[in-house]
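Every number in this text was worked out from the coordinates using simple rules, so none of it is lab data. Since the structure is predicted, the reported quantities are computational estimates derived from the model, not experimental observations. Cβ placement follows ideal geometry from the backbone for every residue including glycine, while neighbour counts extend to all protein chains displayed.
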């Protein structure tokens, strides 16, 4: 394909009332490498056409189902180049498999599937197809998360001893899933969301950040999942201890009933010589605290940062970048990797972009956390 044109994206999900679908569109198109040209935006043909009109695409390419989209697009001379999945979790696996069977690479919202067993099926399908697969763990796209990652890899903290990650929200403090709230309704329904509620929606982000930044792996979990709101079928609050493969300990706290919290994502990592602290609600700063030295504040896009951190910035220091820009970093890396794959017939997605390995580990984390809570004790990862 010509590298002078934009990559053509087909999206499944993201219809009227959706949150994450429009975010995917904005992020994908931000750097001018991708354009949304087709989609099956809803299980309703009428609502899919309505969404297509809102997105400004050709009405003939607003399909009634993802199967219809795959079949029609593979026959077009201007076919889509990849599929973005933005549906509830129960559809992630069948859509990804259908896309890869039709020859289309996949960029999927997290979690990768509805269950760990499905994640293993997905892993086999990706391996069989040989096609690129990316996963939008958004926080991996922040420049200062990349700086924290490089900082840990440098060994400047010494051996890591403790990691504390929290992801706190309050939007489900009341039983809004019973009021017709679209985003809450499917997240509180195991048929659509899978067996993990809060832990599958936001706890998985905390887990991914822990492993992504430290470079360590969780080896054991001791978790307590709760459904605080009466009648809620899935967990809405989680507290857990974790063991890491270097002997360190960690704490993961995730909640959607932390009244008053908006989207408080925070990770603190402590080594022998000092610690680092990053908050998503102040994302352009990384705080470094030394055992025997002054506190440092590192700023996004600064020239003294690691190459990975500098490489994701779009504007000079002091010009804040946030959630959409971080999301767009992942799409930019996917687009660049997809072009490289087209040239070489290999799968050269960068290691900074979460892929099928992160997909499988994330679903294993959910499965093990649920099992630990059920047993009320430690389980091996």
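Brief remarks follow.
- Which of 63, 133, 270 has the fewest Cβ neighbours within 10 Å, and the rest in rising order: 270, 63, 133
- Each part gets one Cα centre, and for the range 206-267 versus the range 334-375 those centres are 19 Å apart.
- Using alpha-carbon coordinates, inclination of helix 143-154 to the longest axis of the chain, degrees: 50
- Working from label points 7 Å from Cα in the Cα-to-Cβ sense, the residue 307 to residue 35 distance is 3.4 nm.
- Rounded to the nearest 10 degrees, the angle from helix 356-375 to the longest Cα principal axis of the chain is 60 degrees.
- Convex hull of Cα atoms in the range 81-128, direction-averaged projection (nm²): 2.9
- Near-label residues of the range 72-107 by backbone N, under 19 Å of a point 7 Å along Cα→Cβ of residue 127: 93-94, 96-98, 100-101, 106
- GNM result for the chain, Cα springs below 10 Å: residue of 250, 303, 103 fluctuating most strongly: 303
- Mean Cα-pair separation over length for the range 232-290, i.e. relative contact order, pairs under 8 Å, 6 or more apart, %: 21
- Each Cα pair under 8 Å and six or more residues apart adds its separation to the average, and for the chain the resulting relative contact order is 19 percent.
- Radius of gyration and Dmax over the Cα atoms of the range 156-314, both given in Å: 17.7, 54
- Values of log10 I(q)/I(0), in the order q = 0.14, 0.21, 0.25 Å⁻¹, for the range 207-291 under a Debye, Cα-only, solvent-free model: -0.60, -1.12, -1.29
- Mean residue ellipticity (222 nm) of the chain, computed from DSSP H runs ≥ 4 via -39,500 (n - 2.57), nearest 500: -10500 deg cm²/dmol
- Net length gained if the chain between residue 153 and residue 285 were fully extended (0.36 nm per residue, minus Cα distance): 45.7 nm
- Ordering of 193-205, 222-234 by burial proxy (mean other Cβ atoms within 10 Å per residue, highest first): 193-205, 222-234
- Proxy reagent accessibility, fewest Cβ within 10 Å first, across 207, 19, 82: 19, 82, 207
- Relative packing of peptides 349-358, 83-92 - highest average C-beta neighbours within 10 Å first: 83-92, 349-358
- For the range 163-228, the share of alpha carbon pairs falling in successive 5 Å distance bins from zero is 3, 14, 23, 24, 15, 11, 7, 2, 0 percent.
- DSSP bridge analysis restricted to the chain gives an antiparallel fraction near 60%, rounded to the nearest 5.
- Counting all C-alpha pairs of the range 236-361, share separated by more than 25 Å (%): 44
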